[in-house]
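Shown next, in structure tokens, is the structure this report addresses.
The values are calculated or read from the model by the stated rules, or taken from the named source; none is laboratory data. Values in this document were obtained by computation on a predicted structure and should not be read as measured data. Here Cβ is always computed from backbone atoms with ideal geometry, including for glycine, and neighbour counts include all displayed protein chains.
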Amino acid sequence: MSEHIDKKLLDASAEFVLTHSHDNVKRFHDALINWGSEWCLVKPCNLPATAYLTWTLNGDNRIDSLLSLFSQYKSQLRWEQSYTKEDGVIGEDMLAAYGFAELIGNLGPFISEKIRCGIGVWGPNVDYPRHTHKAEEAYIVLSGSAKFKVGENPERLKTSGDIIFVESMTPHGFQTADQAMVVFYLWQAGDLRETSTFG
């Protein structure tokens, strides 16, 4: 992708996060403001999950604007998965229907050791088993829904506009239902490319 397009996504994402008033999103403001300054070219890579990144008006202009932009450029992003079939930690359902595209992180396109953020997609009827990691994390649901289980809290359905905050080393996971879920994710503290521990 070109630096120009990456910058458009960065500016839109920064505006979306930095104007967010939720306390658990504000936790990431300093790291996002001070993410760094280096851009590097990353080659696009597609995954089947990108088919679920569609944009329809949902009534929240901030979410609509961000989703529209990521949908427009989804074929030019580098889509990844953290896990493989050989890892044996997630099911075929998730391997076939999830992916994320990082915008800021230690692998770029915007290089940072302070924060990792981007967009993630999980298709319908995907089970993301409970796992832990040292980084603290926030999901901002952009579209769709999932039942989240975080720590010892009861399972809760989260939908567009909801925030899910996960403290360091807190077990968490979720299950989508009949529709896909798209999130904007934020990570900070710890290894930004840490492999999660399951179980």
Strands (runs of 3 or more DSSP E) completely within region 99-183 that count 3 or more residues being hydrophobic (A, V, I, L, M, F, W, C): 115-122, 136-143, 145-150, 163-166
Tally of residues being crowded, with 18+ Cβ neighbours inside 10 Å, in contact with a Leu (Cβ under 8 Å, 6 or more places away or on another chain) and not small (G, A, S) across region 2-41: 8
Residue match in region 87-94 (condition: outside any loop (DSSP other than H, G, I, E, B), touching a helix residue (DSSP H, G or I) at 6+ places or on another chain (Cβ under 9 Å) and of a type outside the set (D, E, K, R)): no
Options G108, G144, G91: the member that is surrounded by fewer than 20 Cβ atoms within 10 Å (Cβ to Cβ) and more than 26 Å from S2 (Cβ to Cβ): G91
Some residue of region 163-172 being farther than 27 Å from S68 by Cα and surrounded by 20 or more Cβ atoms within 10 Å (Cβ to Cβ): yes
Cross-chain or 6+ apart pairs with Cβ under 8 Å, region 1-26 first and at positive phi, then part of a helix (DSSP H, G or I) and among the small types (G, A, S): none
Residue satisfying all of: in region 149-173; over 15 Å from T197 (Cα atoms) and in contact (Cβ under 8 Å) with a residue 24 or more places away in the chain; farthest from the chain's Cα centre (by Cα) among these: K149
Among (1) at pLDDT 95 or above; (2) surrounded by fewer than 19 Cβ atoms within 10 Å (Cβ to Cβ); (3) of a type outside the set (A, V, I, L, M, F, W, C), the one test that G118 misses: (2)
Identity of the residue in region 42-61, in a helix (DSSP H, G or I) and in contact with a Gly (Cβ under 9 Å, 6 or more places away or on another chain), that ends up nearest to G161 (Cα to Cα): Y52
